[in-house]
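The values are calculated or read from the model by the stated rules, or taken from the named source; none is laboratory data. Keep in mind it's a predicted model, so treat the numbers as computed, not measured. Here the Cβ positions follow ideal geometry from the backbone for every residue, glycine too, while neighbour counts run over all protein chains shown. In case anyone asks, the SASA skips ligands and DNA or RNA and just uses the protein heavy atoms, side chains included. Shrake-Rupley method; radii C 1.70, N 1.55, O 1.52, S 1.80 Å.
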Amino acid sequence: MKKKIINFGLVLILLLSLIVFASGFKIQNENYRANHTDTWERIKKRGTLLIGVDDTFVPMDFRKKNGQLVGYDVDLSRAVAKVLGLKADFQSIDWSMKETELKNGTIDCIWNGYTATPARQKRIAFSRVYELSGQSLVVRKDSKIKNFADMKGKTLGIQESSTAQTDFDKYPQVLKKLVKRQKSILYQDNSSAFMDLQAGRTQGVLAGTVYAGYYATHIANNNYKLISASAYPADRVAIGMRKGDRTLINKINYALGVLQKDGTLRRINKKWLGINSNYLGPVAEFQKSNNNR
């Protein structure tokens with residue numbers, strides 16, 4: 001009896017080992033395919049570009065009360081797909097599984113205000129940067145403030161514990177040295193900061209461009225204008241793709257260039273972020289990391 005139990009235990013261990021080995025082999029295979037297979041012909045034949053999104057991320061991809069998907073990246077990805085003769089097919093995904101979904105082929109790209117970090121560049125490829133998601137100085141439209149220098153001696157509001165506050169303190173030469181008492185008024189949230197700005201108790205608010213632009217354009221009835229704080233470090237937002245999809249990478253980079261030239265990119269920036277930007281990063285920015293498999 002004892003011998004049979006031992007044998008059964010050995011068989012169980014062997015089966016578990018095989019399962020673990022098979023799982024590891026499958027992941028390795030998926031990684032290899034993602035890094036070495038060009039799927040453009042399959043995408044072209046299908047006629048759709050499968051786009052992975054988090055449909056709760058305002059203002060990039062989110063749903064209206066009627067369930068319609070709207071946002072900055074919705075408009076931009078549809079415009080890119082049109083240039084390529086495709087239709088955009090949006091797939092709502094578990095954001096924590098985005099890179100797995102990309103590698104196993106559930107989606108063709110991650111397009112959702114996605115920052116091209118060094119860690120991510122080791123695993124997937126990126127398009128050229130289409131948005132610098134940094135800070136902006138928000139002022140009233142009826143103010144005479146046109147640049148940072150015009151904030152000299154004026155009062156600035158910032159959300160407490162925000163990236164804006166960090167940048168304001170870390171890079172004092174940009175704005176801190178100009179404002180009244182070289183200090184900012186701190187608020188619990190951006191909404192409170194904007195209320196004081198509208199009331200004239202402050203003359204500017206330093207805030208994240210994406211949120212500030214959407215707030216100014218869609219919530220505050222266009223009462224504000226944004227001045228880019230490009231002197232602060234910015235997140236470089238791009239489209240994530242499989243490293244093997246070199247044709248798709250090249251085509252999306254080409255399409256973004258077309259949209260920059262015809263003014264579509266500028267119009268989308270104005271519509272969703274309230275900024276007059278037509279920025280595109282260089283095509284070759286991620287060339288080395290994209291080719292590193």
Looking at 88, 79, which one is open to solvent by 10 Å² or more (accessible area, probe 1.4 Å), in a helix (DSSP H, G or I) and not polar (S, T, N, Q)? 79
Pick from 235, 196, 189: which is in contact (Cβ under 8 Å) with a residue 24 or more places away in the chain, surrounded by fewer than 17 Cβ atoms within 10 Å (Cβ to Cβ), farther than 21 Å from residue 267 by Cβ and touching a Ser or Thr at 6+ places or on another chain (Cβ under 6 Å)? 196
Just to be sure, is residue 262 surrounded by 15 or more Cβ atoms within 10 Å (Cβ to Cβ), free of Cβ contacts under 8 Å to residues at least 40 places away in the same chain and out of contact with any helix residue (DSSP H, G or I) (no Cβ under 9 Å at 6 or more places or on another chain)? no
Which one of these does residue 293 not meet: (1) surrounded by 15 or more Cβ atoms within 10 Å (Cβ to Cβ); (2) assigned to a loop (DSSP other than H, G, I, E, B)? (1)
Return a yes/no flag: does the range 141-163 have any residue that is open to solvent by 60 Å² or more (accessible area, probe 1.4 Å), under 19 Å from the mean Cα position of the chain (by Cα) and not hydrophobic (A, V, I, L, M, F, W, C). yes
Among the candidates 117, 202, 209, 106, single out the residue that is open to solvent by less than 70 Å² (accessible area, probe 1.4 Å) and touching a residue at least 60 places away in the same chain (Cβ under 8 Å). 209
Exactly one of (1) open to solvent by 20 Å² or more (accessible area, probe 1.4 Å); (2) more than 14 Å from residue 131 (Cα to Cα); (3) part of a loop (DSSP other than H, G, I, E, B) is unmet by residue 276. Its number? (2)
Taking the range 92-101 and keeping residues within 16 Å of the chain's Cα centre (by Cα) and touching a residue at least 12 places away in the same chain (Cβ under 8 Å) leaves 92, 93, 95, 98, 99
In this structure, is residue 65 out of contact with any Gly (no Cβ under 9 Å at 6 or more places or on another chain), modelled with pLDDT under 95, more than 30 Å from residue 32 (Cβ to Cβ) and open to solvent by 40 Å² or more (accessible area, probe 1.4 Å)? yes
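Looking only at residues that are part of a strand (DSSP E or B), closer than 28 Å to residue 50 by Cβ and modelled with pLDDT of 90 or more in the range 190-249, which one is nearest to the chain's Cα centre (by Cα)?
237
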Within the range 166-179, is even one residue at pLDDT 95 or above and of a type in the set (Phe, Trp, Tyr)? yes
Applying the selection to the range 133-185, what residues are part of a loop (DSSP other than H, G, I, E, B), in contact with a strand residue (DSSP E or B) (Cβ under 8 Å, 6 or more places away or on another chain) and among the acidic types (Asp, Glu)? 160
Unmet criterion (only one of (1) within 18 Å of the chain's Cα centre (by Cα); (2) under 20 Å from residue 125 (Cα atoms); (3) open to solvent by 20 Å² or more (accessible area, probe 1.4 Å)) for residue 51: (3)
